[in-house]
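What follows draws every value from the coordinates through simple rules; no lab data is involved. It should be emphasised that the depicted structure is a prediction, and the values quoted were computed from it without experimental measurement. Methodologically, a virtual Cβ is constructed for each residue, glycine included, from the backbone with ideal geometry; neighbour enumeration extends over all protein chains shown.
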Amino acid sequence: MNARLHRCGEHAVLVELGRLEEVVALYDALAADTPPGIVDLVPAARTLLVRFEPPTRHAEVESAVLAARPAGGRRVTTEEVVIPVLYDGDDLADVARLTGLTEREVAAAHTQTPWTVAFCGFAPGFGYMIGGDPRLAVPRRTESRVRVPTGAVALAGEFSGVYPRESPGGWQLIGRTETVVWDIAADPPALLRPGVRVRFAEALP
């Protein structure tokens, strides 16, 4: 593991890594066997923020991170959610053209392979999901939309995501779901959290 460590304030260490796969592996290793004093792990595309509480110190956390032995693959998770999707998104035809699939084949590819939340960002409750069918890797739209509706299911690069609320966005919209992925009154508020496995299921109109 080739990592650069940066001290962030009094109670955090930012671990900078080269690839998303390394972030996922390190997150899994630390989440499975969390060193004493560490209270939160916040993964991103190329970094992992490790938060800790006193009396733990920066040096102890840095040593624990460097001593971690990330596995080659993602650990098996017992938490799985199923999200029904109506595949009628505004960009479905464009995704079909970009991938060389039919619209029906895009929906089938999206549902037949499980996804896993790698990290969250952009908006509260927005999970960046990886591990899907590699044929679905498509670029972002050339122009972002001013408004993407709540529950829009989308693709961009290697990721799939569900918009937790109406917002601007530039991902390719392939469908929509009524599943609530962010509810401030829920515990936890985010349905899609790092490590959660997601299976999409086609819903009837």
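Brief remarks follow.
- Entry note, the chain: relative contact order of 21 percent, from Cα contacts under 8 Å with a spacing of 6+ residues.
- Simple label model, 7 Å out from Cα along Cβ direction - ARG7 to THR102, nm: 6.2 nm
- Between GLU143 and GLU79, the C-beta separation translates, for a Förster distance of 41 Å, into a calculated FRET efficiency of about 0.70.
- With both labels modelled 7 Å from their Cα along Cα-to-Cβ, the ALA67 to ILE184 distance reads 4.1 nm.
- Helix-derived mean residue ellipticity, 222 nm - over the chain, DSSP H n ≥ 4, -39500 (n - 2.57), to 500: -6000 deg cm²/dmol
- Restricting the trypsin sites (Lys or Arg not before Pro) of the stretch 101-163 to loop positions (DSSP other than H, G, I, E, B) with no more than 15 neighbouring Cβ atoms within 10 Å leaves ARG140.
- Counting only Cα atoms, the chain measures 55, 36, 34 Å along its principal axes, largest extent leading.
- In order along the stretch 190-205, phi translates into HN-Hα couplings of 8, 6, 9, 10, x, x, 6, 8, 10, 10, 8, 10, 6, 9, 7, x Hz, rounded to whole numbers, per the Karplus curve 6.51 cos²θ - 1.76 cosθ + 1.60 with θ = phi - 60° and x for Gly and Pro.
- Peptides 58-70, 152-164, 108-120 ranked from most to least packed give 152-164, 108-120, 58-70, packing being the mean of other C-beta atoms within 10 angstrom over each peptide's residues.
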